[in-house]
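Comments concern the structure below.
We did not get these values from a lab; they are worked out from the coordinates using the rules stated. Fair warning: this is a prediction, and the values are worked out from it, not measured in the lab. As a convention, Cβ positions derive from the backbone with ideal geometry for all residues, glycine included, and neighbour counts pool all protein chains shown.
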Amino acid sequence: MPTEDCELGYLAHTGAGPNRGVVMIHDVWGLSDHTRDLARRMAAEDFAVLAIDLYRREAEVKIEDPGAWMRALSDVQVLEDIQAAAEFLAAHPSTGGHGVGVTGFCMGGTYALLAACGCRGLSAAVPFYGLLSHEHGLLHDPAGSDPTRKPREPLAALADLSCPLLCFFGAQDEYVPLSDVDLLRERLAAGDKESEVVVYPNAGHAFMNDTRSDAYRAEEAEEAWARSLAFLQERIP
């Protein structure tokens, strides 16, 4: 399978395309071996996957407080990076004119949802356990969110959803309360875009991460992965 490090991150595809494109967004810990493995696994299912490196401009990445780190990131800059990644994939020979979707995990799930509401040209979005609110949890800043870095929370962005959306959560997620998931469902139901929210009762945060025995849930991960692949295959032209 052809893989390469490129200016925007890590690209994996079958080499026998053209394939549908997917921008994959890593969790708060960055573009790890686990993210690269997920990109290769998805590419093996006939996708061209660009696992973006959101930290490529950083001289050093030292994350002591994940919440503080995420709150300091500029959503505006990240969405510009995702837009650039989507346009890169759309023009890459591996996609050959196919459309581009987006997926992400934890922080990457948050940005996959925001991208579905703020980036141009995306055909589908599959966020995994993205943080939804600035009101509580890791994105809550007691001093108030910096509007230049965090213009709007994901729940508020849903009015601009521009593509089909499939979201996955665990009911035992300590970072994403079910009250936020209920609000997500309510606001999606009020919109006109295709959407589905899946909650696994026996899973928590990071249930897809098979490098973390404390979080990984094999049965839920296998089902969610299969559903996400089918969703992206069917919605990306």
- prompt: Once amide H atoms are placed 1.01 Å from N in the peptide plane, what residues at a sequence separation of 5 or more from residue 198, or on another chain, have their amide H within under 5 Å of its amide H?
  reply: 167, 168, 169
field: Additional length obtainable on full extension of the chain from residue 68 to residue 214, 0.36 nm per residue less Cα span
entry: 50.2 nm
field: Label point distance in nm, residue 197-residue 3, each placed 7 Å from Cα along Cα→Cβ
entry: 3.5 nm
- line: From DSSP H assignment alone, runs of 4+ in the chain each adding -39500 (n - 2.57), the sum over residues rounded to the nearest 500 puts [θ] at 222 nm at -10500 deg cm²/dmol
statement: Ordered by fewest other Cβ atoms within 10 Å, a rough proxy for footprinting exposure, 76, 100 read 76, 100
- prompt: What is the distance, in nm, between label points placed 7 Å from the Cα along the Cα-to-Cβ direction at residue 171 and at residue 233?
  reply: 2.9 nm
message: Using 0.36 nm times the number of residues separating residue 61 and residue 185, minus their current alpha carbon distance, what extension gain do you get?
response: 41.2 nm
- line: residue 72 neighbourhood, Cβ < 13 Å, K/R = +1, D/E = -1, net charge -2
Calculated from backbone phi, Karplus (6.51, -1.76, 1.60) coupling profile of the range 119-126 in Hz, x at Gly/Pro: 10, 8, x, 7, 9, 6, 9, 10
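Divide the volume of the convex hull of the Cα atoms of the chain by its number of residues and quote the answer in cubic angstrom per residue.
So the per-residue hull volume is 116 Å³.
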- request: Quickly rank 122-135, 188-201, 157-170 as a protection proxy: mean count of other C-beta atoms within 10 Å, highest first.
  value: 122-135, 157-170, 188-201
